[in-house]
Amino acid sequence: MMFSKKIIASALAGWALNLGACVGSPGPVGNIAVPQPSRPVALPAYLGTWYEYGRYEAPFQTGCEGVTAEYSLRETSGNAKIRVVNSCYKNGLDGEFDQSTGKAKVVAGSQGAKLKVSFFGPFYGDYWVLDRGDPDASGQYPWSIVGEPSGRYLWMLTREARPSPELKARLEERVRELGYDWSLVRLTQQPGP
(Lines give C-alpha, C1' and ligand atoms only; values in the text may rest on other atoms or scores of the structure.)
Protein backbone atom coordinates (compact mmCIF):
# COMPACT_ATOMS: atom_id res chain seq x y z
CA MET A 1 0.00 0.00 0.00
CA MET A 2 1.40 3.42 -0.95
CA PHE A 3 1.10 6.45 1.35
CA SER A 4 1.92 9.98 0.33
CA LYS A 5 4.78 11.73 2.12
CA LYS A 6 2.31 14.35 3.36
CA ILE A 7 0.06 11.75 5.04
CA ILE A 8 3.04 10.02 6.66
CA ALA A 9 4.48 13.34 7.86
CA SER A 10 1.10 14.36 9.32
CA ALA A 11 0.71 11.03 11.10
CA LEU A 12 4.22 11.23 12.56
CA ALA A 13 3.69 14.81 13.69
CA GLY A 14 0.42 13.86 15.41
CA TRP A 15 2.04 10.86 17.06
CA ALA A 16 4.93 13.04 18.31
CA LEU A 17 2.47 15.55 19.79
CA ASN A 18 0.59 12.75 21.54
CA LEU A 19 3.84 11.35 22.94
CA GLY A 20 4.77 14.82 24.19
CA ALA A 21 1.40 15.14 25.90
CA CYS A 22 1.93 11.80 27.62
CA VAL A 23 5.28 12.68 29.14
CA GLY A 24 4.45 16.33 29.76
CA SER A 25 6.06 19.55 28.65
CA PRO A 26 9.71 20.13 29.41
CA GLY A 27 10.58 22.72 32.01
CA PRO A 28 11.96 26.20 31.39
CA VAL A 29 15.26 26.80 29.66
CA GLY A 30 17.85 27.08 32.41
CA ASN A 31 20.82 27.64 30.14
CA ILE A 32 20.50 29.46 26.82
CA ALA A 33 24.05 28.58 25.75
CA VAL A 34 24.87 25.02 26.85
CA PRO A 35 28.62 24.52 26.41
CA GLN A 36 30.20 21.53 24.76
CA PRO A 37 31.54 18.87 27.17
CA SER A 38 34.80 20.08 28.68
CA ARG A 39 36.64 16.77 29.14
CA PRO A 40 36.80 13.33 27.52
CA VAL A 41 34.98 10.49 29.28
CA ALA A 42 36.45 7.00 29.57
CA LEU A 43 33.52 4.61 29.60
CA PRO A 44 34.96 2.19 32.21
CA ALA A 45 35.33 5.10 34.66
CA TYR A 46 31.72 6.19 34.05
CA LEU A 47 30.05 2.79 34.43
CA GLY A 48 28.49 1.75 37.73
CA THR A 49 26.00 3.28 40.13
CA TRP A 50 25.36 7.00 40.39
CA TYR A 51 23.20 8.86 42.92
CA GLU A 52 21.37 11.95 41.78
CA TYR A 53 22.35 14.95 43.90
CA GLY A 54 20.12 17.40 42.06
CA ARG A 55 18.37 18.12 38.76
CA TYR A 56 16.13 20.37 36.78
CA GLU A 57 12.69 18.87 37.32
CA ALA A 58 11.62 16.88 34.25
CA PRO A 59 8.07 15.63 33.61
CA PHE A 60 9.23 12.01 33.60
CA GLN A 61 10.87 12.49 37.03
CA THR A 62 8.20 14.52 38.81
CA GLY A 63 8.26 13.76 42.52
CA CYS A 64 11.14 11.28 42.27
CA GLU A 65 13.39 10.88 45.32
CA GLY A 66 16.19 8.42 46.05
CA VAL A 67 17.12 8.55 42.36
CA THR A 68 19.90 6.29 41.09
CA ALA A 69 21.28 5.48 37.66
CA GLU A 70 23.17 2.28 36.88
CA TYR A 71 25.30 2.08 33.73
CA SER A 72 26.68 -1.25 32.52
CA LEU A 73 27.93 -2.76 29.28
CA ARG A 74 25.75 -5.02 27.21
CA GLU A 75 26.75 -6.89 24.07
CA THR A 76 24.52 -6.72 21.00
CA SER A 77 25.53 -7.95 17.57
CA GLY A 78 29.19 -7.79 18.55
CA ASN A 79 29.02 -4.10 19.48
CA ALA A 80 29.46 -2.83 23.03
CA LYS A 81 26.41 -0.82 24.06
CA ILE A 82 25.37 0.58 27.40
CA ARG A 83 22.46 -0.58 29.55
CA VAL A 84 20.88 2.18 31.63
CA VAL A 85 18.66 1.48 34.64
CA ASN A 86 17.11 4.53 36.31
CA SER A 87 15.35 4.04 39.65
CA CYS A 88 13.45 6.26 42.06
CA TYR A 89 10.79 6.36 44.74
CA LYS A 90 7.68 8.31 43.77
CA ASN A 91 6.65 11.22 46.00
CA GLY A 92 9.09 10.50 48.83
CA LEU A 93 11.62 7.96 50.01
CA ASP A 94 8.81 5.79 51.36
CA GLY A 95 6.87 6.00 48.09
CA GLU A 96 6.32 3.46 45.33
CA PHE A 97 9.52 2.14 43.70
CA ASP A 98 9.78 2.90 40.00
CA GLN A 99 12.39 1.70 37.52
CA SER A 100 13.05 2.25 33.82
CA THR A 101 15.53 0.37 31.67
CA GLY A 102 17.00 1.91 28.56
CA LYS A 103 19.98 1.78 26.28
CA ALA A 104 22.70 4.18 25.28
CA LYS A 105 25.43 4.50 22.71
CA VAL A 106 28.49 6.75 22.58
CA VAL A 107 28.40 9.42 19.87
CA ALA A 108 31.31 8.96 17.47
CA GLY A 109 33.91 11.72 17.67
CA SER A 110 32.75 12.94 21.12
CA GLN A 111 35.64 11.45 23.11
CA GLY A 112 33.02 9.52 25.07
CA ALA A 113 31.40 12.68 26.49
CA LYS A 114 28.21 12.52 24.42
CA LEU A 115 25.74 9.68 24.46
CA LYS A 116 22.45 8.99 22.77
CA VAL A 117 20.03 7.45 25.28
CA SER A 118 16.68 5.78 24.64
CA PHE A 119 13.90 4.61 26.93
CA PHE A 120 11.29 4.74 24.15
CA GLY A 121 12.15 2.28 21.39
CA PRO A 122 14.04 3.79 18.47
CA PHE A 123 13.90 7.38 19.77
CA TYR A 124 17.17 8.66 21.26
CA GLY A 125 17.82 11.80 23.29
CA ASP A 126 21.04 13.68 23.89
CA TYR A 127 23.05 13.04 27.07
CA TRP A 128 26.16 15.19 27.42
CA VAL A 129 28.65 14.71 30.27
CA LEU A 130 29.48 18.41 30.55
CA ASP A 131 32.08 17.88 33.25
CA ARG A 132 33.26 15.21 35.66
CA GLY A 133 35.72 14.70 38.46
CA ASP A 134 39.11 13.06 38.11
CA PRO A 135 39.11 9.28 38.65
CA ASP A 136 39.36 8.25 42.30
CA ALA A 137 41.38 5.36 43.78
CA SER A 138 38.85 2.87 42.37
CA GLY A 139 39.28 4.30 38.88
CA GLN A 140 35.76 5.78 38.77
CA TYR A 141 34.74 9.38 38.28
CA PRO A 142 33.40 10.65 41.64
CA TRP A 143 30.93 13.15 40.14
CA SER A 144 29.48 14.28 36.85
CA ILE A 145 27.27 17.06 35.52
CA VAL A 146 24.98 16.02 32.68
CA GLY A 147 22.99 18.20 30.30
CA GLU A 148 21.80 18.38 26.71
CA PRO A 149 21.61 21.05 24.00
CA SER A 150 18.22 22.63 24.84
CA GLY A 151 19.28 23.77 28.33
CA ARG A 152 16.03 22.39 29.82
CA TYR A 153 17.55 19.34 31.50
CA LEU A 154 20.37 19.09 34.03
CA TRP A 155 21.53 16.35 36.38
CA MET A 156 24.27 16.29 39.01
CA LEU A 157 25.45 12.78 39.84
CA THR A 158 27.73 11.52 42.59
CA ARG A 159 29.01 8.11 43.65
CA GLU A 160 27.81 8.62 47.22
CA ALA A 161 24.17 9.03 48.20
CA ARG A 162 25.12 11.94 50.43
CA PRO A 163 28.08 13.90 49.06
CA SER A 164 30.34 15.93 51.33
CA PRO A 165 29.65 19.65 51.89
CA GLU A 166 32.79 20.39 49.84
CA LEU A 167 31.51 18.39 46.85
CA LYS A 168 28.06 19.98 47.11
CA ALA A 169 29.67 23.42 46.99
CA ARG A 170 31.87 22.39 44.06
CA LEU A 171 28.88 21.08 42.09
CA GLU A 172 26.91 24.29 42.62
CA GLU A 173 29.91 26.38 41.63
CA ARG A 174 30.56 24.33 38.49
CA VAL A 175 26.87 24.30 37.45
CA ARG A 176 26.85 28.10 37.67
CA GLU A 177 30.12 28.33 35.72
CA LEU A 178 28.57 26.22 32.97
CA GLY A 179 25.83 28.85 32.66
CA TYR A 180 22.92 27.12 34.40
CA ASP A 181 20.32 28.93 36.52
CA TRP A 182 20.82 27.48 40.01
CA SER A 183 17.37 28.70 41.13
CA LEU A 184 15.84 25.98 38.89
CA VAL A 185 17.81 23.19 40.59
CA ARG A 186 15.82 20.72 42.67
CA LEU A 187 17.96 18.84 45.21
CA THR A 188 17.14 15.15 45.47
CA GLN A 189 16.42 13.40 48.77
CA GLN A 190 18.57 10.31 49.29
CA PRO A 191 18.29 7.70 52.05
CA GLY A 192 20.76 7.61 54.91
CA PRO A 193 21.60 9.46 58.10
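The values are calculated or read from the model by the stated rules, or taken from the named source; none is laboratory data. Quick caveat, the model's predicted, so the values are computed rather than measured. For neighbour counting, all protein chains shown are included, and Cβ atoms are generated from backbone atoms with ideal geometry for every residue, glycine included. Remember, those area values only see protein heavy atoms, side chains included, never the ligands or the DNA or RNA. Shrake-Rupley method; radii C 1.70, N 1.55, O 1.52, S 1.80 Å.
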Mean-position separation - Cα centroids, the range 29-73 and the range 112-166, in angstrom: 4
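Mean 1/r over all different Cα pairs, inverted: what Kirkwood radius does the range 29-108 give, in Å? Don't skip to the answer; put the middle values down first.
On the way: mean 1/r = 0.0680 Å⁻¹.
Mean inverse Cα-Cα distance, inverted, gives 14.7 Å.
Test of understanding: what is the full-extension gain from SER150 to ILE32, defined as 0.36 nm times their sequence separation minus their Cα-Cα distance? List each step's numbers first, then the result.
Working: separation 118, 0.36 × 118 = 42.48 nm, distance 0.75 nm.
Here the segment from SER150 to ILE32 would lengthen by 41.7 nm.
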Pairs of lysines in the range 34-180 (C-alpha under 16 Å apart; 8 or more residues apart or interchain): 8
Label-point separation, ALA169 to LEU47 (7 Å along Cα→Cβ), nm: 3.6
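Please find the FRET efficiency linking ASP181 to SER110, where r is the Cβ-Cβ separation and R0 is fixed at 25 Å, and quote it to the nearest 0.05. Show your work: numbers first, answer last.
Numbers: r = 25 Å, r/R0 = 1.01.
That gives a FRET efficiency of 0.50.
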Calculated SAXS-style log₁₀ I(q)/I(0) at q = 0.12, 0.15, 0.19 Å⁻¹ - the range 69-193, Debye, Cα scatterers: -0.53, -0.84, -1.35
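Per residue, how much accessible surface does the range 114-190 expose to a 1.4 Å probe? Answer in Å², no decimals.
On the way: 3650 Å² over 77 residues.
Per residue, the range 114-190 has an accessible area of 47 Å².
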